[in-house]
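The values are calculated or read from the model by the stated rules, or taken from the named source; none is laboratory data. Remember, predicted model here, so these are calculated numbers, not experimental data. Methodologically, a virtual Cβ is constructed for each residue, glycine included, from the backbone with ideal geometry; neighbour enumeration extends over all protein chains shown. Note: areas computed on protein heavy atoms with side chains; ligands, DNA, RNA excluded. Shrake-Rupley method; radii C 1.70, N 1.55, O 1.52, S 1.80 Å.
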Amino acid sequence: MITVERLTKRYGGHPAVDDVSFTCEPGTVTGFLGPNGAGKSTTMRMICGLTPPTSGSATVGSTPYRRLGNPGRHVGVLLDASAQHSGRTGREVLSLAAITMGIDKREVPKALDRVGLNATAGKRRVRAYSLGMRQRLGLALALLGDPAVLILDEPANGLDPEGIYWMRGLLRDFADRGGTVLLSSHLLREVEAVADRLVVIGAGKIVAQGDKAELLAQS
Ligand code: ADP
Ligand code: ADP
């Protein structure tokens, strides 16, 4: 469960996120849609406790989420996969995360397999990865602690059509097992097949939100 209440973030005088409220329920995928610069990343960073809000609040489960530097077991987060330029291999990155989270390192090959990265890919350095591979590794990191909530910022960027189809299945399955997913994109086609609900943001403000079928029937 994610609850966002009247979140606002100003940079200088300019509101990047302006009085945004929505909830994400267990068992559902919420598509967070809006053009580039609309405020999606800033909202997600505030939910994760990485950016302090100017006002308003966000809670994940029953407590505000403030543990991002040390990826939590309750929330899996993928923000800006393109920023991963580690000189370590994918397997090393996952192993370090597993140690930090107190997870058995035998989970690492399983995690790679789960996101479609083979053993050869796991032995390559992350800075040599394509964006699609970074997205897959980011998703493996997000899933590592077996979290109940996933917060994913533009995870389809850089994935090929087959990768997008694969991720859709994984997220649908995650939600059908009771998980909560918040999934951002600037493209309706990347979220419409998997989302149950849509939250649409433009220039920092919520433009529309509700059941996907109802919203799309109105438009
Ligand atoms: P989106 O994720 O929808 O592309 P962002 O949340 O990244 O949008 O950005 C929303 C607005 O806030 C944009 O105008 C962006 O330039 C601005 N912004 C984001 N981060 C900062 C920052 N650290 N300092 C100043 N402006 C920022
Ligand atoms: P995204 O594509 O994920 O929405 P952006 O490209 O908007 O991200 O921003 C990338 C990074 O730069 C983020 O950390 C954001 O906070 C920061 N940023 C974005 N716009 C500005 C800005 N106008 N001034 C300062 N930092 C910014």
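Assorted remarks:
- Options Ala208, Ala140, Ala217; residue that is free of Cβ contacts under 8 Å to residues at least 60 places away in the same chain and crowded, with 22+ Cβ neighbours inside 10 Å: Ala140
- Test result for Pro15, over 18 Å from the mean Cα position of the chain (by Cα), at pLDDT 95 or above and of a type outside the set (A, V, I, L, M, F, W, C): yes
- When the residues of the stretch 165-193 are filtered to those that are modelled with pLDDT of 95 or more and β-branched (Val, Ile, Thr), the one that is farthest from the chain's Cα centre (by Cα) is Thr180.
- When Asn36 is tested against (1) within 16 Å of ligand 1 (Cβ to nearest atom); (2) at pLDDT 95 or above; (3) under 15 Å from the mean Cα position of the chain (by Cα), just one condition goes unmet, and that condition is (3).
- Top-ranked residue in the stretch 83-137 [being exposed (fewer than 15 other Cβ atoms within 10 Å of the Cβ), under 23 Å from Asp160 (Cα atoms) and aliphatic (A, V, I, L, M); ranked as modelled with the lowest pLDDT]: Ala83
- Tabulated pairs, the stretch 77-88, first under 17 Å from Ser130 (Cβ atoms), second basic (Lys, Arg) and open to solvent by less than 40 Å² (accessible area, probe 1.4 Å), C-beta under 6 angstrom, 6+ apart or interchain: Ala81/Arg134; Gln84/Arg134
- Unique residue being among the small types (Gly, Ala, Ser) and outside any helix (DSSP H, G or I) when the list is Gly169, Gly145: Gly145
Results for (1) open to solvent by less than 20 Å² (accessible area, probe 1.4 Å); (2) within 16 Å of ligand 2 (Cβ to nearest atom); (3) aromatic (Phe, Trp, Tyr); (4) under 22 Å from Leu215 (Cα atoms), shown as yes or no for each residue.
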{"residue": "Tyr11", "(1), (2), (3), (4)": "no, yes, yes, no"}
{"residue": "Pro15", "(1), (2), (3), (4)": "no, yes, no, no"}
{"residue": "Asp19", "(1), (2), (3), (4)": "no, no, no, yes"}
{"residue": "Cys24", "(1), (2), (3), (4)": "yes, no, no, yes"}
{"residue": "Gly27", "(1), (2), (3), (4)": "no, no, no, yes"}
{"residue": "Thr30", "(1), (2), (3), (4)": "yes, no, no, yes"}
{"residue": "Gly34", "(1), (2), (3), (4)": "yes, yes, no, yes"}
{"residue": "Ser41", "(1), (2), (3), (4)": "no, yes, no, no"}
